[in-house]
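Structure first, then comments.
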Amino acid sequence: MGKIEFDDKKFTAKEYINDLPSTMSAGLNSIAKGMSRRCNMSFNDIMMMQVGDFMESVVDFRKKHRMGGAPSPFLVKS
């Protein structure tokens with residue numbers, strides 16, 4: 001699987017999630033809340049991550065906790 005890439009690395013996870021349709025943003029918010037509970041990070045710290053780092057963390061979190069693969073609409077194979 002390729003590395004996750006975004007056109008503009010300056011976006012934070014919060015800004016990116018706010019621009020998504022509500023069903024996608026709700027899913028990512030839910031995963032971020034689970035990450036904050038299990039990974040010793042505050043939800044606000046997770047939301048302030050750069051979007052590329054955030055999505056890589058989401059992929060790793062989902063794999064580690066056996067939640068399946070990555071949410072495919074967010075991946076760009078390189």
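The values are calculated or read from the model by the stated rules, or taken from the named source; none is laboratory data. Since the structure is predicted, the reported quantities are computational estimates derived from the model, not experimental observations. Virtual Cβ from ideal backbone geometry, glycine too; neighbours counted across all protein chains shown.
Some observations on this one:
- Restricting the stretch 27-78 to residues that are among the small types (Gly, Ala, Ser) and at pLDDT below 80, the residue that is surrounded by the fewest Cβ atoms within 10 Å (Cβ to Cβ): Ser72
- Positions within the stretch 1-16 being at pLDDT 85 or above and part of a helix (DSSP H, G or I), in sequence order: Ala13, Lys14, Glu15
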